[in-house]
1. Has segment 58-76 got any residue that is in contact with a helix residue (DSSP H, G or I) (Cβ under 7 Å, 6 or more places away or on another chain), part of a strand (DSSP E or B) and more than 12 Å from the ligand (Cβ to nearest atom)?
2. Looking only at residues that are charged (D, E, K, R) and not in a loop (DSSP other than H, G, I, E, B) in segment 77-105, which one is surrounded by the most Cβ atoms within 10 Å (Cβ to Cβ)?
3. Go through segment 1-47 residue by residue and tally those that are within 13 Å of the ligand (Cβ to nearest atom), open to solvent by 50 Å² or more (accessible area, probe 1.4 Å) and within 17 Å of residue 154 (Cα to Cα).
4. Confirm whether residue 117 is closer than 19 Å to residue 43 by Cα, surrounded by 12 or more Cβ atoms within 10 Å (Cβ to Cβ) and of a type outside the set (A, V, I, L, M, F, W, C).
5. For segment 130-141, enumerate the residues that are part of a helix (DSSP H, G or I) and open to solvent by 60 Å² or more (accessible area, probe 1.4 Å).
6. Counting just the residues of segment 47-62 that are among the hydrophobic types (A, V, I, L, M, F, W, C) and without any contact (Cβ under 8 Å) to a residue 24 or more places away in the chain, which one comes out nearest to residue 78 (Cα to Cα)?
7. Tell me which residues, restricted to segment 123-154, are farther than 14 Å from residue 100 by Cβ and among the acidic types (Asp, Glu).
8. Which condition number in (1) open to solvent by 60 Å² or more (accessible area, probe 1.4 Å); (2) within 14 Å of the ligand (Cβ to nearest atom) is the one that residue 144 fails?
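The values are calculated or read from the model by the stated rules, or taken from the named source; none is laboratory data. Predicted model, so just to flag it, every value in this text is computed and none were measured. Glycine gets a Cβ as well: all are built from the backbone with ideal geometry, and neighbour counts include every protein chain shown. Heads up: the accessible areas ignore ligands, DNA and RNA and are worked out on the full protein's heavy atoms, side chains in. Shrake-Rupley method; radii C 1.70, N 1.55, O 1.52, S 1.80 Å.
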Amino acid sequence: MNLVLVGFMGTGKTEVSKEFARRFGMRYLSIDEMIEEREGMSINDIFKEKGEDHFRAIERDIVKEAASIDGLVIDAGGGVVLDDENMKNLKSSGAVVCLKARPEVILDRMQNKTDRPLLNVRDKLTKINEILTSRKIYYDKIEESIDTSDLTIDEIIEQVRSIFKSSLY
Ligand code: S3P
């Protein structure tokens, strides 16, 4: 049984998955890191040199591979939800939880980051709102979600743990 965290950039997936894996003796796996390893370049460079479609194709392959392993906490990139096959594979591998946050909170967390090609624009807040709107139906499809905007890491972990536990029965 895996735990899979999905959700928009800046909702806390990486921090929460790493901490969850550490506390409960599971293995942390980042889809983005696997993509970078396989391509031998950063996500920014993959987008720039090979394009988003290529990135999505590799992402699809890696998601499939990760979903075939057991005992993982999978930290999935913000765009995996856009692909039906990704979601089918992830759901069949374990409990999927969507982390959410208010746009202003996302902006605050992403303000000084330059490693998200989709947010490398001057007006980040407008871009965040634009992408959030276009993806809303995909994130809303996921049954279990947690708004991390006003929660501490311990509170988030506790909620994730309770969802994960109830999915074991
Ligand atoms: C993306 C989110 C990123 C990364 C890539 C594209 C997206 O992952 O996969 O930059 O489409 O939302 P994080 O959500 O971990 O930042």
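1. Yes; the residues of segment 58-76 include at least one that is in contact with a helix residue (DSSP H, G or I) (Cβ under 7 Å, 6 or more places away or on another chain), part of a strand (DSSP E or B) and more than 12 Å from the ligand (Cβ to nearest atom).
2. Going residue by residue through segment 77-105, those that are charged (D, E, K, R) are 83-85, 88, 91, 100, 102, 104.
So of that shortlist, the ones also not in a loop (DSSP other than H, G, I, E, B) come out as 84-85, 88, 91, 100, 104.
Working: 84: 9, 85: 10, 88: 13, 91: 14, 100: 19, 104: 12.
This residue is 100.
3. 3
4. Details: closer than 19 Å to residue 43 by Cα: yes; surrounded by 12 or more Cβ atoms within 10 Å (Cβ to Cβ): yes; of a type outside the set (A, V, I, L, M, F, W, C): yes.
Against the criterion (closer than 19 Å to residue 43 by Cα, surrounded by 12 or more Cβ atoms within 10 Å (Cβ to Cβ) and of a type outside the set (A, V, I, L, M, F, W, C)), residue 117 qualifies.
5. Correct list: 130, 133, 134, 136, 137, 138, 140.
6. Step one: of segment 47-62, the residues among the hydrophobic types (A, V, I, L, M, F, W, C) are 47, 55, 57-58, 62.
Keeping just the survivors that are without any contact (Cβ under 8 Å) to a residue 24 or more places away in the chain gives 55, 57-58.
On the way: 55: 13, 57: 15, 58: 14 Å.
Among them, the one singled out is 55.
7. 123, 130, 154
8. The number of the failed condition is (2).
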